[in-house]
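Written below as structure tokens is the structure these notes are about.
Throughout, read-outs are computed from the coordinates displayed, never taken from laboratory work. The structure displayed is predicted, hence computed values, not measured ones. Because the Cβ atoms are built from the backbone with ideal geometry, glycine has one as well, and the counts that use them run over all protein chains shown.
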Amino acid sequence: MGRRTGVGAATTAVAALSVLLSGCGIRTTSVPVDAGPAPSRVPCSVSGEDVTTQSAGIPVRVFLVCGSQLTAVDRRAPLPEEKASGDPVRTASALLEQLRSEPSESERQAGFSTAVKGPLSVTGGRRGDPADTLRLSRQPEDLTATALSQIVCTFAQSSAGAGADTVVLGGPGAYAPRRYQCTTELRERPESVAPTVAVPSPSAS
């Protein structure tokens, strides 16, 4: 008799707990729920010592992918100091080469990667192009969204840009170049479409 009373009490307790959970808005289930893997924690930061051990050159900043976002990384590019601001095409070429290079061991350990793949080069604009135009060897729209976002933000925030966090990019075809803008939203969601703003006509520049 005592055993039946104990079983009955346990059953009553389970039923009461189920009612209590239902009242709190928590649905009970007998099927295990897979919440997915725990989010990865990567530092997305490279120490200053790692930068100083790189090859000689001028300090540059490129945007790499880390934690599904774009994060600026300091590097040194083999570019003469006098060319750093006076030759946008040469600066853009050096930055593009940095973007195409595989991250260093310390960068990989920090969680960095790049979506920019070769072959890819950059030249100046053509006759009739707006000022500050840079033309890639591939149409910008043909690149992956993340690769284009890396290029846009790296160029826009350097002397190769067109000011106001923008860069004017075109491709090898006859299509008119477009002014792309590096925004906070683009850095946070590099897989989205890079925003553009109006390009002034050559006569207005």
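Please report Rg over Rh for the range 62-205, where both radii come from the alpha carbon positions and Rh follows the Kirkwood definition.
Ratio of gyration radius to Kirkwood radius: 0.95.
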Low-density loop trypsin sites (Lys or Arg not before Pro), the range 111-205, at most 11 other Cβ within 10 Å, DSSP non-H/G/I/E/B, are 117, 126, 127
